[in-house]
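The values are calculated or read from the model by the stated rules, or taken from the named source; none is laboratory data. Keep in mind the model is a prediction, meaning the values are calculated, not measured. Every residue, glycine among them, receives a Cβ derived from its backbone with ideal geometry; neighbour counts consider all protein chains shown.
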Amino acid sequence: MEKCLIFVDSEYAKNAIELLEVARQIFDLAPYETYALCIHDITESANGAFDHIIYVSDESVKCHDAKAIAIIMEELHVIHNFGAILIPATQIGRMLAPRLAIRLHVGLVADVTAIEHIDGALQMVRPAFSGKIMACISNLGKKPIMMSVRQNVFLYNEDLNKATSHETFYPKSDLTTNIKWIKTVEKPKSKDIRDSEVLVSGGGGVKKGFHRLTELAEALGGEVSASRHIVDSGIASRSIQVGQSGKTVSPKLYIALGIYGSLQHVEGLKNVKHIISVNINKDAPICSLSDIVVEGDAIEFIEKLVDKIKSEADESK
């Protein structure tokens, strides 16, 4: 039976569950078991999701020392001979994955967004050239298959009520670290567009009136996001950019205002339930993916929709 090791980043536990779908697609119909590596604490969402949870508590890993975690994962691979090792492309994951790949002398595919099986060969899809193309990379080397996986791309809908076994792992290697924990500062809470169920997103068509999107987003209880064109123009922060070079989002409703819908942008939309496009060009690529297409001026659309929402809210009082 194949074995798959998944690194659980405690700050982004949801992404570890997403990686279960990656494991399912990698092994296809072959039987396999999943192992979750938890550092410091066992994330509640991991219970029942994985077959095995491996817990490590060591002074070196408390500082999120990627070097120490890579050594731990190397020791685990020597014991279990994993067929695949999956790491979320979070801040710590992007530091950890290349270190581990070097230690194991295997290839690494970063920021994977899709898995395919072509002529019996596993292929990993990732954006290349700033998201302008999608590269399909074949796995021809020895195991383990190693990759970091972009957040919020895969959706796992299988059983989350497994009889999970627990194990505390004690590394044999010297994990002495030069990193010292000086103090903890609470990070100010900020809204992430990846967590929003409603996104009002603007592109080049609303460049001059991008500030108007906030009014509609507030009326719908959602957040504002933007295309790369708006971000590169300096109008919006990269933290709200949707696309391959931005963030991958999965809202229930995505309102695309003046967005053309290039491959780079569309690849940032995964598992979106409903898309409404407003564009003067009804043949824009984003329109072919939309449930509703409104042909016309996006700013005028915002004004009329906000007025309608306010009017209905007043009538209901």
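The rows are residues; the columns are (1) farther than 30 Å from R238 by Cα; (2) in contact with a Pro (Cβ under 9 Å, 6 or more places away or on another chain); (3) surrounded by 12 or more Cβ atoms within 10 Å (Cβ to Cβ).
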position	(1), (2), (3)
V153	no, no, yes
D159	yes, no, no
T164	yes, no, yes
K172	yes, no, no
T176	yes, no, no
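In this structure, does I230 turn out to be under 26 Å from the mean Cα position of the chain (by Cα) and farther than 21 Å from M134 by Cβ? Yes: the conditions hold for I230.
Take the residues in segment 243-274 that are more than 21 Å from D232 (Cβ to Cβ) and of a type in the set (K, R); name whichever of them is surrounded by the fewest Cβ atoms within 10 Å (Cβ to Cβ). Ranking the qualifying residues of segment 243-274, first place goes to K273. Looking only at residues in segment 12-43 that are touching a helix residue (DSSP H, G or I) at 6+ places or on another chain (Cβ under 8 Å) and at pLDDT below 80, the one that is nearest to I71 (Cα to Cα) is H40. Can we say V306 is in a helix (DSSP H, G or I) and either out of contact with any strand residue (DSSP E or B) (no Cβ under 9 Å at 6 or more places or on another chain) or not charged (D, E, K, R) (or both)? Considered against the rule, which asks whether it is in a helix (DSSP H, G or I) and either out of contact with any strand residue (DSSP E or B) (no Cβ under 9 Å at 6 or more places or on another chain) or not charged (D, E, K, R) (or both), V306 comes out as yes. Taking (1) in a helix (DSSP H, G or I); (2) touching a strand residue (DSSP E or B) at 6+ places or on another chain (Cβ under 8 Å); (3) modelled with pLDDT of 90 or more in turn, I255 satisfies each apart from (1). Scanning segment 32-47 turns up one or more residues that are of a type in the set (D, E, K, R) and in a helix (DSSP H, G or I).
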